[in-house]
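In what follows, a single structure is set out as structure tokens and then discussed.
The values are calculated or read from the model by the stated rules, or taken from the named source; none is laboratory data. Owing to the predicted nature of the structure, the values given are computational and were not obtained by experimental measurement. Positions of Cβ are backbone-derived with ideal geometry, glycine not excepted, and every protein chain shown enters the neighbour counts.
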Amino acid sequence: MSSQEQSVLSATLPEDHVRRALLEAVIYVAEQPLTPAQISEGLGFPLSTVTDDLDRLIKDYKDASHGIEVRVVAGGYKMFTKAEHHEAVRNFVKTLRPKFKLSLPALETLSVIAYKQPATIPEIQAVRGVNVTGVIHTLLNRKLISTAGRKKVMGRPMMYKTTKEFLVQFGLSDLSELPNLKELEELSRNALSEGGTENTESPASEVTTSDHQG
């Protein structure tokens with residue numbers, strides 16, 4: 001791009017503070033993390049400009065006067081409550097909606113899938129020692145896992161993997177950031193709130209090895 005073309009482009013773009021305000025607005029309203037390419041296409045700004053403005057926006061939100069921050073998760077940008085405010089926010093949210101959390105059995109099953117994916121129900125049950133069919137249904141309904149085809153072994157059991165929603169809920173950029181089970185449990189309390197548990201398990205020895213059909 002020539003210097004003249006760059007000058008024309010700069011003249012047609014909103015001022016810096018206006019662009020960052022627009023980025024802030026679209027990130028706020030989006031349910032899923034937004035990639036720079038999505039923002040560039042949606043707002044009509046050059047990708048390089050969007051990238052620079054995102055870096056500035058992240059720095060701006062690091063100021064202690066802000067209760068939220070902009071973070072990179074699952075390949076995109078999303079707003080989160082700052083860690084130092086989690087306790088106050090959790091207590092406030094409890095006053096607004098029914099108590100709820102991901103049960104420990106579900107969390108442990110999710111952890112096995114995250115580390116062994118793609119994994120089948122028999123493989124998960126071999127690790128956990130209990131029937132996880134009910135928990136698998138729960139995780140599917142919450143969109144934390146999805147089917148990943150059938151394993152090419154006898155019976156062709158369904159395989160399961162974590163989803164982009166899993167990364168979003170636990171604030172992870174990608175699977176390389178997976179925490180250990182104790183850390184994952186703490187993240188679950190932060191991301192999925194606190195409250196009553198659910199028990200959808202029975203000992204694996206009490207059920208057959210037939211798989212969930214997805």
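Residues of the stretch 41-69 being out of contact with any Leu (no Cβ under 8 Å at 6 or more places or on another chain), surrounded by 12 or more Cβ atoms within 10 Å (Cβ to Cβ) and of a type in the set (A, V, I, L, M, F, W, C), which ones? The answer is L47, I58, I68.
Among the residues of the stretch 105-135, those identified as touching an Asp or Glu at 6+ places or on another chain (Cβ under 8 Å), outside any loop (DSSP other than H, G, I, E, B) and in contact (Cβ under 8 Å) with a residue 40 or more places away in the chain are P105, A106, L107, T120, I121, P122, R128, V130, N131, G134, V135. In the stretch 38-56, what residues are over 25 Å from S176 (Cα atoms) and either in the same structural domain as Q169 (by TED's automatic domain parsing) or in a helix (DSSP H, G or I) (or both)? Once the filter is applied, which keeps residues that are over 25 Å from S176 (Cα atoms) and either in the same structural domain as Q169 (by TED's automatic domain parsing) or in a helix (DSSP H, G or I) (or both), the stretch 38-56 yields I39, S40, E41, G42, L43, L47, S48, T49, V50, D52, D53, R56. Pairs needed: first member in the stretch 81-101, at pLDDT 80 or above; second member anywhere, among the aliphatic types (A, V, I, L, M) and surrounded by 13 or more Cβ atoms within 10 Å (Cβ to Cβ); C-beta distance under 9 Å; at least 6 residues apart or different chains. Going by the 9 Å Cβ cut-off, the qualifying pairs are T81/I68; T81/V89; K82/I68; H85/I68.
Within the stretch 42-63, work out how many residues are over 15 Å from R19 (Cβ atoms) and in contact with a helix residue (DSSP H, G or I) (Cβ under 9 Å, 6 or more places away or on another chain). Walk me through it before giving the result.
Start the filter on the stretch 42-63 by keeping residues that are over 15 Å from R19 (Cβ atoms), which leaves 61-63.
From the residues that got through so far, the ones that are in contact with a helix residue (DSSP H, G or I) (Cβ under 9 Å, 6 or more places away or on another chain) too are 61.
Result for the stretch 42-63: 1.
Search the stretch 127-138 for residues being out of contact with any helix residue (DSSP H, G or I) (no Cβ under 6 Å at 6 or more places or on another chain) and modelled with pLDDT of 90 or more, and hand back the single one that is surrounded by the fewest Cβ atoms within 10 Å (Cβ to Cβ). Step through it out loud before you land on a result.
Within the stretch 127-138, the subset out of contact with any helix residue (DSSP H, G or I) (no Cβ under 6 Å at 6 or more places or on another chain) is 128, 133-134, 136-137.
Add one more test, that the residue is modelled with pLDDT of 90 or more, and what stays is 133-134, 136-137.
Values: T133: 18, G134: 18, I136: 24, H137: 12.
Taking the candidates together, the pick is H137.
The residue that is surrounded by the fewest Cβ atoms within 10 Å (Cβ to Cβ), counting only those in the stretch 139-181 that are charged (D, E, K, R) and either in contact with a strand residue (DSSP E or B) (Cβ under 8 Å, 6 or more places away or on another chain) or more than 30 Å from H86 (Cα to Cα) (or both), is K152.
For the stretch 18-38, the condition holds for no residue, the condition being that it is over 22 Å from L172 (Cβ atoms), modelled with pLDDT of 90 or more and among the polar types (S, T, N, Q). Within the stretch 61-78, one or more residues are modelled with pLDDT of 90 or more and assigned to a helix (DSSP H, G or I).
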